[in-house]
1. To check my understanding: the extent here is largest minus smallest coordinate of the Cα atoms along each principal axis. What are those three numbers for the range 51-90, in Å, largest first?
2. Counting only heavy atoms of protein chains, what accessible area per residue, in Å², does the range 9-91 have with a probe of 1.4 Å?
3. Which aspartates and glutamates does K85 reach when only Cα atoms under 16 Å apart count, and residues fewer than 8 places away in its own chain are ignored?
4. In the chain, what percent of the accessible surface is made up of carbon and sulfur (1.4 Å probe, ligands and nucleic acids excluded)?
5. Would you compute, from DSSP H runs of 4+ residues alone, the mean residue ellipticity of the chain at 222 nm, taking -39500 (n - 2.57) per run and dividing by the full residue count, rounded to the nearest 500?
6. When Lys and Arg each count +1 and Asp and Glu each count -1, what net charge do the other residues less than 14 Å away from E68, Cβ to Cβ, add up to?
7. List the DSSP H helices in the chain whose Cα atoms stretch 20 Å or more along the helix axis and whose mean Kyte-Doolittle hydropathy is at least -1.0.
8. Return the label of the correct value of volume of the Cα convex hull per residue in Å³, as calculated from the structure shown, out of (i) 98; (ii) 132; (iii) 81.
Amino acid sequence: MSIQNTLKALSDPIRREILSMLKKGRLSAGEIVENFPVSGAAVSRHLSVLKEADLIRDEREGKYIYYELNASVLEETLLWLKELKGDKNHD
């Protein structure tokens, strides 16, 4: 896990919103693009950053690509932040 990649990915509000959307279930790239006032290419770049940080996974089905949340990286990051904070209560 690269904390640097994770934190970089989480630093952008559009990427955080994409993660929130995927928390509810997998979505196609087109469904994600519909929710933002930026170009499809810009959303594609955001998806690439999230994928590089291993925060999301993608799967091609026919001509569509579906994205889903990879919660394990978020959990590892939260554990690291708790340790950094000095929180001894690891759930």
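1. Largest first, the range 51-90 extends 47, 16, 7 Å along its Cα principal axes.
2. Details: 5430 Å² over 83 residues.
Computed with neighbouring chains in place, this is 65 Å² per residue.
3. Reachable aspartates and glutamates: E75, E76.
4. Details: 3010 of 6040 Å².
Exposed carbon and sulfur together represent 50 percent of the surface.
5. Numbers: 5 runs with 52 residues, N = 91.
Computed mean residue ellipticity for the chain: -17000 deg cm²/dmol.
6. Values: positive: K23, K24, R26, K51, R57, R60; negative: E31, D54, D58, E59, E61.
Summing Lys/Arg as +1 and Asp/Glu as -1 gives +1.
7. Working: long enough: 71-85 (21 Å, 0.29).
Helices meeting the criterion: 71-85.
8. (i)
The values are calculated or read from the model by the stated rules, or taken from the named source; none is laboratory data. Keep in mind that what you see is a predicted model, and the values were worked out from it rather than measured. Reconstructed Cβ throughout: ideal geometry from the backbone, glycine too, with neighbour counts over all protein chains shown. These accessible areas exclude ligands, DNA and RNA; they are computed on the full protein's heavy atoms, side chains included. Shrake-Rupley method; radii C 1.70, N 1.55, O 1.52, S 1.80 Å.
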